[in-house]
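J.: One structure, as structure tokens, below. Some questions next.
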Amino acid sequence: MRRFATVILAIVMASCVPGPAATVASPSPTPITSTTRSASPTVTTAAGTYIDDFGFVLSEPGAGRTTTIRRESGERLGSFDEQQFAVSPDGRQIAWFTPEAVQPQELRIATAADLPASQLLRRLNADERGATIVWSNDASGLLYAVHGPDIPTGVVPSSAATYAVHIFDMRGTTSPDRTVLASSIGALVLVPIAWDRTTNIAAALETGEGGFMTSWDVIRLNGAEAVTTKTAIVPNGSMLASVEASSDAKFAVGGSFANGGSVVWWPLADVGSRQTIAGGTNARWRPQTHELATIGGCAGDPACGPRGGLRLINVDTGASRIAVGLTIANTNLRTFRADGSAVIVYAPQAPGATMSDYTLVPLTSGPSITFREVNGLLASVRLR
């Protein structure tokens with residue numbers, strides 16, 4: 001299964017063989033910065049308006065590791081082959097590991113609008129495989145994990161792969177790549193979550209078989225030093241290892257099984273002060289905001305639909321509102337438009353279906369649009 005900054009739930013068995021020094025590309029890539037643009041090109045349908053400044057990242061059925069980018073209105077623009085990928089907080093760039101089937105794997109970046117002009121950041125060692133990637137909050141660096149290669153089945157769990165977390169700094173440093181966290185324990189999975197450049201704080205979680213978070217690791221970066229503070233999650237098995245950071249890397253959110261299920265959010269550097277939102281275990285951050293989106297019942301609220309609603313909760317102020325009334329039972333949240341101006345929800349699908357019915361809902365004004373696309377609509381990107 002593919003993810004955009006989510007947890008690795010499978011345990012990868014490995015033996016770590018010393019390899020050659022990492023091959024790091026010349027630090028020529030520079031972060032893409034936002035610029036003032038003319039009015040967004042639009043495509044108006046009978047139902048509403050697509051904004052083709054934005055597009056979607058798609059995992060196409062039967063295409064293996066090939067991932068496609070399309071405009072909101074549907075035009076396919078290009079594709080890339082990846083093992084793991086991540087979209088930058090502003091939606092303009094994509095980072096990915098090339099597929100494991102072709103060695104050595106490469107860590108590459110490109111603007112979402114120009115995939116053929118991708119740049120090589122690093123070739124992995126022979127004893128490394130690429131895992132989860134996240135961007136720094138200013139899109140000038142990457143926090144990513146690697147682990148040992150697969151080993152034959154039948155090997156005891158104590159021989160399982162070890163993980164390491166790296167940063168790659170694109171600010172023109174002479175040695176842009178370095179390890180900031182490593183595990184000597186086989187089968188302990190390290191999952192990068194966020195990197196806040198303004199405070200020089202990064203965060204990762206520890207997990208293992210079962211997909212529960214066992215520790216929250218805060219990495220404080222000071223020049224060449226990286227000091228990690230680990231906080232054990234108790235009781236064990238109480239929190240899911242699917243965790244997402246806000247686009248500015250100030251907060252994190254995850255799911256908890258406590259009290260019958262709840263959403264849990266906390267400041268990036270202080271998991272001990274986590275707060276709960278009752279009802280359900282799933283939530284997503286609205287980009288460029290501190291609003292959490294959850295789906296559930298909302299009887300009595302005039303904005304609620306007959307099948308519940310999508311609620312936005314501001315964690316700074318506590319303000320809460322129903323942004324979308326739902327008319328189809330079991331509707332789920334898929335993603336937001338990269339600038340947070342719209343949300344994409346999808347309806348339940350029949351077993352074995354390869355397509356889903358999605359609805360793009362503007363969060364300011366304008367009518368919604370329903371469209372059909374592959375199940376693997378994974379993320380939104382900004383094309384201009």
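J.: For V381, are the conditions met, namely being surrounded by 16 or more Cβ atoms within 10 Å (Cβ to Cβ), under 21 Å from the mean Cα position of the chain (by Cα) and within 23 Å of S88 (Cβ to Cβ)? Outline the logic, then answer.
T.: Details: surrounded by 16 or more Cβ atoms within 10 Å (Cβ to Cβ): yes; under 21 Å from the mean Cα position of the chain (by Cα): yes; within 23 Å of S88 (Cβ to Cβ): yes.
Yes; evaluated as a whole, the condition is true for this residue.
J.: Now for a different question. Counting only residues that are within 21 Å of the chain's Cα centre (by Cα) and surrounded by fewer than 18 Cβ atoms within 10 Å (Cβ to Cβ), how many does region 48-62 have?
T.: The number of residues fulfilling the criteria is 2.
J.: Tell me, yes or no, whether region 272-290 has at least one residue that is small (G, A, S), at negative phi, crowded, with 18+ Cβ neighbours inside 10 Å and in contact (Cβ under 8 Å) with a residue 60 or more places away in the chain. So that I can check it myself, show each step before the final result.
T.: So in region 272-290, the residues small (G, A, S) come out as 272-273, 278-280, 283.
Filter once more, so that each one left must be at negative phi: 272-273, 278, 283.
The next check asks that each one be crowded, with 18+ Cβ neighbours inside 10 Å; those that pass are 283.
Next, only the ones that are in contact (Cβ under 8 Å) with a residue 60 or more places away in the chain stay: none.
No, region 272-290 has no match at all.
J.: Hey, any hits in region 255-269 for a residue that's polar (S, T, N, Q), surrounded by 14 or more Cβ atoms within 10 Å (Cβ to Cβ) and part of a loop (DSSP other than H, G, I, E, B)? Step through it out loud before you land on a result.
T.: Our first condition is that a residue be polar (S, T, N, Q); within region 255-269, this holds for 256, 259, 262.
Add one more test, that the residue is surrounded by 14 or more Cβ atoms within 10 Å (Cβ to Cβ), and what stays is 256, 262.
Filter once more, so that each one left must be part of a loop (DSSP other than H, G, I, E, B): none.
No: zero hits.
J.: Turning to a different aspect of this structure: Of the conditions (1) modelled with pLDDT of 95 or more; (2) farther than 19 Å from A249 by Cβ; (3) among the β-branched types (V, I, T); (4) not in a strand (DSSP E or B), T173 clears all except one; give me its number.
T.: Evaluating T173 over (1) modelled with pLDDT of 95 or more; (2) farther than 19 Å from A249 by Cβ; (3) among the β-branched types (V, I, T); (4) not in a strand (DSSP E or B) leaves (1) as the failure.
J.: Tell me, yes or no, whether region 125-135 has at least one residue that is of a type in the set (A, V, I, L, M, F, W, C) and at pLDDT below 95. Please lay out each step first, then the result.
T.: Filtering region 125-135 down to residues of a type in the set (A, V, I, L, M, F, W, C) leaves 126, 131, 133-135.
Remaining after also requiring at pLDDT below 95: 126.
Looking for residues that are of a type in the set (A, V, I, L, M, F, W, C) and at pLDDT below 95, one finds at least one in region 125-135, hence yes.
J.: Further, regarding this structure: Any idea which of A101, A86 is out of contact with any His (no Cβ under 7 Å at 6 or more places or on another chain) and loosely packed, with under 15 Cβ neighbours inside 10 Å? Let's see the steps before the verdict.
T.: Numbers: A86 fails: loosely packed, with under 15 Cβ neighbours inside 10 Å.
On inspection, the qualifying residue turns out to be A101.
J.: Hey, another quick one. Can you pull out the strands (runs of 3 or more DSSP E) entirely within region 282-333 that have at least 3 residues that are charged (D, E, K, R) and at pLDDT 95 or above?
T.: Numbers: elements: 291-296, 309-314, 320-325.
Fully inside region 282-333 and qualifying: nothing.
J.: Restricting to region 356-378, what's the tally of residues that are surrounded by fewer than 18 Cβ atoms within 10 Å (Cβ to Cβ), free of Cβ contacts under 8 Å to residues at least 40 places away in the same chain and part of a strand (DSSP E or B)?
T.: The total comes to 2.
J.: Does L268 fit the bill of being over 16 Å from I322 (Cα atoms) and under 21 Å from the mean Cα position of the chain (by Cα)? Steps first, please.
T.: Details: over 16 Å from I322 (Cα atoms): yes; under 21 Å from the mean Cα position of the chain (by Cα): yes.
Taking the combined requirement at face value, the residue satisfies it.
J.: Kindly provide the set of residues from region 93-106 that are in a strand (DSSP E or B) and either over 16 Å from L142 (Cα atoms) or out of contact with any Asp or Glu (no Cβ under 9 Å at 6 or more places or on another chain) (or both), ordered by number.
T.: Residues of region 93-106 that are in a strand (DSSP E or B), as a first pass: 93-97, 106.
Hits for region 93-106 are Q93, A95, E106.
J.: Follow-up question, since we're still on this one. If you go through region 191-219, how many residues are without any contact (Cβ under 8 Å) to a residue 40 or more places away in the chain and of a type outside the set (G, A, S)?
T.: Result for region 191-219: 5.
The values are calculated or read from the model by the stated rules, or taken from the named source; none is laboratory data. Just so it is clear, the structure is predicted and the values come from calculations on it, not from any experiment. Here the Cβ is made from the backbone with ideal geometry for all residues, glycine too, and neighbour counts use every protein chain on show.
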